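First the structure, in the form of structure tokens, and then the observations on it.
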Amino acid sequence: MKETEILIVGGGPAGLSAASAAANLGASVLVLERDGKPGGQLIKQTHKFFGSKKQYAGDRGYQIGDLLIEQCGNNPNIEVWTDTTALGIYEDGVVTAEGQAKHLKINPKKIIVATGASEKMIAFPNNDLPGIYGAGAVQTLMNVHGIVPGKRVLMIGAGNIGLIVSYQLMQAGVEIAAIIEAAPTIGGYLVHASKIRRSGVPILTSHTITEAYGDESVEGAIICKLDESWQPVLGSEQDLKVDVICLAVGLSPLTELCFQADCQMKYVSELSGHVPVRSEYLETTRPGLYVAGDVSGVEEASSAMVEGRLAGISAACSLGYGEDIAPKLQADALAELRELRAGPAGQKTLRGIINLMDKGGAVC
């Protein structure tokens, strides 16, 4: 049985930020990361971040990931177990995990779940053909392993992820046949869309895919226009010859552990799915279990890092660490979250938080 004061499940931007914040106050921390290297989505992100200096504006995602990994690696209060997957959180507080081909048991005093999110998929005929990827998988292939997925790509989804991955594909010499978006407007930042359009790639709003086709792998896709009722417009079909279809249609919080730990959960569409009810300081309805990052509602990595810091401070403070400075640190983190959510992109998250409260949640 491994004893630790704070166990963090997930070594992405939220988990690593939580680990540093808690350890800096004096708590001993164990981080479980299922991949071979911590960093989460950051290690595959080559674009520069927006925001202010404290949100690493101007730095690329993988650079921020390396910085967070270095901070945790240099802190004697932090232990990171890679290639280790959390399996369950039980009534007696014991957490089980699988790693190094062993079944592990951990007995933490506090738990922070920072498991992130998984990619959503959409249903259409032949959506199981080889050559159909989620956008995160394409980023992993290209930016981590240096492999292009194909020669000509149809991108489905014009949010920030779809636009950014499309541009990264173009930088790697891959042709983008089109970016299609079912909504009448793009969901990503105009600065990303403008770079795509200047390169001659069409961004087709109010369009969807009706089917993929090919014998052993993707050879093409049929797309069509949608009317104001989101119904296909007859006669608007286009046949695009592509060998890759990339889906960038959103993320869903990875909340299985929260469900299993018997946290109170609520479905909030603006937060992208079922999320745990939590306090202002990110403690769930299960005492001593905190959440941070996309597991609590899908946002940008900047918000995930601030939430991680807030959860780490809150968990450490509940153990008696940093009681003199923790309230100010918590207030600073909350103020930073309000700042990040003040723009147009943050309004969806704010609506989601309000809806969570209206549904009986404890969020402030």
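The values are calculated or read from the model by the stated rules, or taken from the named source; none is laboratory data. Note that the structure is predicted; figures quoted are calculated from it, not measured. Note that we place each Cβ from the backbone using ideal geometry, even for glycine, and neighbour counts take in every protein chain shown. We work out accessible area using only protein heavy atoms, side chains counted, and drop any ligands, DNA or RNA first. Shrake-Rupley method; radii C 1.70, N 1.55, O 1.52, S 1.80 Å.
Just a few scattered comments:
- By the rule of a C-alpha distance below 16 Å, with chain neighbours fewer than 8 residues away ignored, the aspartates and glutamates paired with residue 328 are 280, 307, 336.
- Diffusion constant of the stretch 96-144 at 10 °C, which comes from Stokes-Einstein with the Kirkwood Cα-pair radius and 1.306 mPa s, µm²/s: 106
- Summed residue charge, Cβ within 11 Å of residue 319's Cβ, Lys/Arg positive, Asp/Glu negative: 0
- Amide hydrogen proximity for residue 251: with H placed 1.01 Å from N in the peptide plane, the residues at 5 or more positions away or on another chain lying under 5 Å are 120.
- Derived value for the chain: Kirkwood hydrodynamic radius 21.4 Å. Basis is the mean of 1/r over every pair of different alpha-carbon atoms.
- Taken as Cα centroids, the stretch 81-115 and the stretch 10-64 sit 20 Å apart, rounded to the nearest whole angstrom.
- Karplus-derived 3J(HN,Hα), 6.51/-1.76/1.60, for each residue of the stretch 142-159, Hz, glycine and proline x: 7, 8, 9, 9, x, 10, 7, x, x, 9, 9, 10, 9, 9, 10, x, 10, x
- Taking the C-alpha atoms only, the angle from helix 326-340 to the longest principal axis of the chain is near 10 degrees.
- Here the extension length gained between residue 233 and residue 70 equals 53.4 nm, from 0.36 nm per residue of separation less the Cα-Cα distance.
- Under the Karplus curve 6.51 cos²θ - 1.76 cosθ + 1.60, θ = phi - 60°, whole-Hz ³J(HN,Hα) for the stretch 7-19, x wherever Gly or Pro sits: 9, 10, 9, x, x, x, x, 6, x, 5, 5, 5, 4
- Available extension along the chain between residue 213 and residue 335 is 38.9 nm, counting 0.36 nm per residue and deducting the alpha carbon span.
- Overall, the accessible surface of the stretch 153-215 at a probe of 1.4 angstrom is composed of carbon and sulfur to the extent of 51 percent.
- Crossing angle, helix 160-171 versus the chain [Cα axis fit, 0-90 degrees, rounded to tens]: 60
- The chain - mean residue ellipticity at 222 nm from DSSP helices (-39,500 (n - 2.57) per run, n ≥ 4, rounded to 500): -8500 deg cm²/dmol
- For the chain, the longest principal axis of the alpha carbon atoms and the long axis of helix 61-73 meet at an angle near 20°.
- Peptides ranked, highest mean first, by Cβ atoms within 10 Å: ranges 198-211, 22-35, 239-252: 22-35, 239-252, 198-211
- Relative to the compact-globule estimate of 2.2 N^0.38 Å, the Cα radius of gyration of the stretch 199-258 comes out at 1.44.
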